[in-house]
Amino acid sequence: PLVLHVLGARPNFVKAAPVVHALAELGVRQAIVHTGQHYDALMSDVFFADLNLPEPIANLGVGSGTHARQTAALLVGLEDVLQEHAPALVVVYGDVNSTLAAALVCAKLHIPFAHVEAGLRSFDREMPEEVNRVVTDALADLLFCTSPDALSHLANEGVDPAKVHFVGNPMIDSLFAALPKLDPEPIKRRLGVDGRYAVATLHRPANVDDPEAARELVSAVLGVAEHVRVIVPLHPRGRTRLAEAGLVDRENLKIIEPLGYVDFLSLVRGAALVVTDSGGVQEETTMLGIPCLTVRPNTERPITVTHGTNRLVTPASLPAAAAKALADGAATPAGELPPLWDGKAGPRIARVIAAWLRGDNLSP
Ligand code: UD1
Ligand code: UDP
């Protein structure tokens with residue numbers, strides 16, 4: 001039996017790597033299909049290299065577009081490739097459009113699929129990712145959860161608990177695996193950065209697509225730059241809009257290309273503060289103990305607030321929150337670290353998948 005991983009966007013690669021490596025350990029036959037949702041070398045190739053992922057057997061080259069156009073291209077491409085390879089199980093990750101499309105195609109072709117990072121909810125349907133999460137989870141045959149809150153959300157939505165497995169967080173597995181390579185010095189030298197600095201990543205549509213929201217956000221980031229030097233590895237999505245809103249190189253602000261996985265986390269590891277609207281970065285900073293200010297009205301990862309270093313801020317409150325975080329120094333996590341974020345989620349997922357392929361009864 002073949003297990004096919006459908007991957008498309010930067011965070012997918014990070015979440016899939018530990019699962020792919022653990023399935024390989026168990027000798028499970030598997031392959032990766034890349035949808036091509038992300039295609040720049042710094043959004044895709046560098047992750048395959050840094051995470052030691054095998055070459056995809058196909059790249060569907062769907063590229064960018066409106067939600068309808070991108071999803072339509074994904075549906076057509078995935079239907080062909082899934083029919084051609086007839087996998088016993090498909091594995092999808094996270095909440096991007098590639099995840100949603102693969103879920104729909106599997107459901108229509110009656111191919112069972114597993115969802116890694118199931119059950120996260122922001123309860124904000126204006127987020128495209130929230131729609132993707134809800135639909136994917138409603139259709140999934142196996143659901144792997146990274147936090148206890150996800151289990152309750154799935155139970156509330158009537159998902160059969162026999163399909164649901166609490167396994168920990170594969171994004172954190174990747175972080176643990178990379179840890180020995182995370183040295184801030186080489187990337188700081190390359191960027192010409194010394195002393196104290198903050199790292200900012202911004203790409204949520206609600207922050208960067210609307211010119212007014214972008215202006216508010218940029219003035220907040222400039223407010224942070226009054227307290228500390230800010231380095232912004234900028235996602236392609238925000239590039240034009242944020243530059244128009246004034247996010248350009250200045251005395252205390254450095255805008256750079258997106259960084260590869262090891263470079264990015266190395267830079268974060270040496271930072272005094274992180275400002276973000278990313279999902280994954282909220283989790284990684286929690287594990288690294290770096291104070292994180294998330295510029296969003298909500299988070300589908302509340303465990304990073306209750307158990308970690310994350311705090312939600314508005315653009316208006318960001319500069320003062322940054323000043324305070326810098327004054328407080330290294331963040332001590334609020335309590336214990338999230339349960340099962342121990343670097344072993346990949347092997348747990350692989351064991352469940354292997355048992356499922358054997359036809360074992362998986363009811364808890
Ligand atoms: C997608 C995900 C988002 C995730 C993010 C991770 C959806 C709906 N959104 O957002 O959940 O947080 O990936 O990074 O799936 N672009 C490039 N080069 C690339 C890829 C994109 O220039 O390699 C530009 C294009 O102008 C494109 C825009 O970025 O129009 C948005 O890309 P898209 O894949 O649609 O969504 P993201 O904003 O990347
Ligand atoms: N990341 C990276 N380089 C960057 C910014 C982020 O390698 O310049 C990594 C980050 O460490 C995390 C993942 O990309 O592992 C998160 O992806 P992103 O923020 O694009 O998506 P989200 O998590 O918001 O869906």
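Readers should treat all values here as calculations from the given coordinates under stated rules, not as data from a laboratory. Since the model is a prediction, treat every value here as computed from it, not as a measurement. Cβ sites come from the backbone with ideal geometry, for glycine too, and all protein chains shown count toward neighbours.
Quick look at the numbers
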read-out	value
Most fluctuating residue given options M127, M43, M171, as computed from a GNM of the chain linking Cα atoms under 10 Å	M127
Descending Cα extents along the principal axes, the range 98-161, whole Å	30, 27, 18
Point-to-point label distance, A320-A49, nm (Cα→Cβ direction, 7 Å offset)	4.5 nm
Charge dipole magnitude, Cβ of K and R +1, D and E -1 - the chain, Cα centre, debye nearest 20	380 debye
Helix 318-328 axis, angle to the chain major axis (alpha carbon atoms, nearest 10°)	80 degrees
Between the range 108-125 and the range 16-93, the alpha-carbon center distance in angstrom	16 Å
For the chain, the spread of Cα positions along each principal axis, largest first, Å	59, 42, 39
Space enclosed by the convex hull of the alpha-carbon atoms of the range 183-240, per residue, Å³	89 Å³
Size of electric dipole in the range 181-328: Cβ of Lys, Arg +1 and of Asp, Glu -1, about Cα centre, debye, nearest 20	200 debye
Computed label-point distance, nm, for sites E336 and F176 using a 7 Å Cα→Cβ extension	1.6 nm
Mean residue ellipticity (222 nm) of the chain, computed from DSSP H runs ≥ 4 via -39,500 (n - 2.57), nearest 500	-13500 deg cm²/dmol
On Cα atoms only, tilt of 67-85 relative to the major axis of the chain in degrees	40 degrees
FRET efficiency, L26 to D210 (Cβ-Cβ, R0 45 Å, nearest 0.05)	0.45
Burial ordering of C106, C292, fewest other beta-carbon atoms within 10 Å first	C106, C292
Unsatisfied cross-links (Cα-Cα over 21 Å) in the set K188/K254; K15/K181; K181/K324; K108/K163; K181/K344	K181/K324
J(HN,Hα) series, the range 39-50, from Karplus relation 6.51 cos²θ - 1.76 cosθ + 1.60, nearest Hz, glycine and proline x	9, 4, 4, 7, 9, 9, 3, 4, 6, 4, 5, 5
Per-bin percent of Cα-Cα distances, the range 283-344 [5 Å]	4, 19, 28, 25, 15, 5, 3, 0
Solvent-free Debye scattering, log10 I(q)/I(0), computed from the Cα coordinates of the range 245-350 at q = 0.17 Å⁻¹	-0.87
GNM top mover of N156, N52, N12 - the chain, alpha-carbon springs below 10 Å	N156
Debye log10 I(q)/I(0) at q = 0.09, 0.15 Å⁻¹ for the range 1-159, Cα point scatterers	-0.26, -0.75
Charge dipole (the range 195-280, unit charges on Cβ, about Cα centre) - positive-most of G279, V208, V248	G279
For the range 181-328, the Rg and Dmax computed from alpha carbons only, in angstrom	13.9, 40
Point-to-point label distance, S64-R250, nm (Cα→Cβ direction, 7 Å offset)	2.5 nm
Near-label residues of the range 267-285 by backbone N, under 15 Å of a point 7 Å along Cα→Cβ of E185	267, 270
